[in-house]
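One structure is given below, encoded as structure tokens.
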Amino acid sequence: MVEYNLMVAPNGARRGKPDHAALPVTLEDTVKTAAACHALGAAALHLHVRDDDGRHSLDAGRYREALQALGRAVPEMAVQITTESAGVYAPEDQLNCLEQLRPKAASVSVREMARDEKIAARAYALCREARTQVQHILYGFSCVQQLKAWYKDGTVPSDMRDAIFVLGQYGPPVLAEPEHLPGFLNATADLGLNWTVCAFGRKEHACLLAAVAAGGNVRLGFENNVETPDGALLKDNAASVAAFVTAAKAAGHSLKEG
């Protein structure tokens, strides 16, 4: 039996209601989704916030409001903000978001931060000072190599060892396959990472089951996939969480407690 942690990513930066009617865009819907998924076993939430037009935002005020609302509704659920640029924000904007919030946890794209290495160094130093739990977003081999270089030169503190492997991609669409995972594991074998996997497309659950079997944790939700394995639309994020937990249990795996 393998124990694993489950994080839900209910919306992401790019999808909206036209992609799925149950995708949460408003704060109210995000809070409701978080509570429903937490009740089914999701220990953590990967948080994106949107502006008044439903577009991706790194506005610190919106994040504070969301964090406060989630803290009231699901106080036992960990919350990780994202600094993802989504093609909209520059590294300086991402640093500014971290400076204003000093969050408990944040995902940070190695590829995006590498656009400005001086800003990157400041961002990682700030996170160390603020004790922000950084999860490095790794899209492929080049990201792994950059992270290794930053460990070596001290840009990234040596104790920041959380990472998420991204299988497949949103655009242009690349369907994630379980066979994509070994490449990440081989490339990072010497880093001692606490790793998680997310996967784009209808094979999401198959990829995540492979991750659990290999000793990793998982992140699932409508940010990466809105379909069942046969291509039908999932009812909502909670349905995806419930289906995965059931499949993992059938495979002999269980959620970590606490």
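The values are calculated or read from the model by the stated rules, or taken from the named source; none is laboratory data. These figures come from a predicted structure and were not determined experimentally. We place every Cβ from the backbone using ideal geometry, glycine too, and count neighbours over all the protein chains shown. Areas reflect the complete protein model, heavy atoms only, side chains present, ligands, DNA and RNA absent. Shrake-Rupley method; radii C 1.70, N 1.55, O 1.52, S 1.80 Å.
Given the criterion assigned to a loop (DSSP other than H, G, I, E, B), touching a helix residue (DSSP H, G or I) at 6+ places or on another chain (Cβ under 9 Å), at pLDDT 95 or above and over 27 Å from L255 (Cα atoms), identify the matching residue among E65, E76, E84. Quick ask: steps written out before the conclusion?
Working: E65 fails: assigned to a loop (DSSP other than H, G, I, E, B); E76 fails: over 27 Å from L255 (Cα atoms).
Answer to the check: E84.
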Subset of the stretch 148-164 [in contact with a Ser or Thr (Cβ under 8 Å, 6 or more places away or on another chain) and either in contact (Cβ under 8 Å) with a residue 40 or more places away in the chain or hydroxyl-bearing (S, T, Y) (or both)]: Y151, I164
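Give the stretch 244-257 a look and list any residue that's under 19 Å from the mean Cα position of the chain (by Cα) and open to solvent by 30 Å² or more (accessible area, probe 1.4 Å), or say none.
Taking the stretch 244-257 and keeping what is under 19 Å from the mean Cα position of the chain (by Cα), we get 244-245, 255-256.
Scanning the stretch 244-257 gives V245, L255, K256.
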Any pair with Cβ under 8 angstrom, 6 or more apart, that starts in the stretch 167-195 at a residue that is free of Cβ contacts under 8 Å to residues at least 40 places away in the same chain and closer than 30 Å to G16 by Cβ and ends at one that is hydroxyl-bearing (S, T, Y) and open to solvent by less than 50 Å² (accessible area, probe 1.4 Å): W195/T188
Residue selected from the stretch 207-242 under the condition more than 21 Å from I81 (Cβ to Cβ) and charged (D, E, K, R), by the criterion most open to solvent (accessible area, probe 1.4 Å): K235
Residue check for A22: of a type in the set (G, A, S) and part of a helix (DSSP H, G or I): no
Residues of the stretch 186-205 that turn out to be in contact with a Phe, Trp or Tyr (Cβ under 8 Å, 6 or more places away or on another chain) and within 26 Å of P157 (Cβ to Cβ), as a count: 7
In the stretch 175-208, the residues that are assigned to a loop (DSSP other than H, G, I, E, B) and among the acidic types (D, E): E177, D190
Within the stretch 186-202, considering residues that are more than 15 Å from the chain's Cα centre (by Cα) and closer than 19 Å to N5 by Cα, the one most open to solvent (accessible area, probe 1.4 Å): G192
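Here is a yes/no grid of residues against (1) closer than 16 Å to H205 by Cα; (2) open to solvent by 30 Å² or more (accessible area, probe 1.4 Å); (3) in contact (Cβ under 8 Å) with a residue 40 or more places away in the chain:
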| position | (1), (2), (3) |
| --- | --- |
| V8 | yes, no, yes |
| A13 | no, no, yes |
| P18 | no, yes, no |
| L23 | no, no, yes |
| V31 | no, no, yes |
| A42 | yes, no, yes |
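Can you find a residue that is part of a strand (DSSP E or B), closer than 19 Å to L47 by Cβ and in contact with a Leu (Cβ under 8 Å, 6 or more places away or on another chain) anywhere in the stretch 209-218? Walk me through how you get there before you give the answer.
The initial filter retains those residues of the stretch 209-218 that are part of a strand (DSSP E or B), namely 217-218.
Subset that is closer than 19 Å to L47 by Cβ: 217-218.
Remaining after also requiring in contact with a Leu (Cβ under 8 Å, 6 or more places away or on another chain): 217-218.
Checked against the condition, which is being part of a strand (DSSP E or B), closer than 19 Å to L47 by Cβ and in contact with a Leu (Cβ under 8 Å, 6 or more places away or on another chain), the stretch 209-218 yields at least one hit.
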Selection count, the stretch 47-72, where residues are open to solvent by less than 50 Å² (accessible area, probe 1.4 Å) and under 18 Å from P24 (Cα atoms): 14
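Within the group V108, V174, V156, V166, which residue is open to solvent by 60 Å² or more (accessible area, probe 1.4 Å) and β-branched (V, I, T)? Break it down stepwise before answering.
Working: V108 fails: open to solvent by 60 Å² or more (accessible area, probe 1.4 Å); V156 fails: open to solvent by 60 Å² or more (accessible area, probe 1.4 Å); V166 fails: open to solvent by 60 Å² or more (accessible area, probe 1.4 Å).
Answer to the selection: V174.
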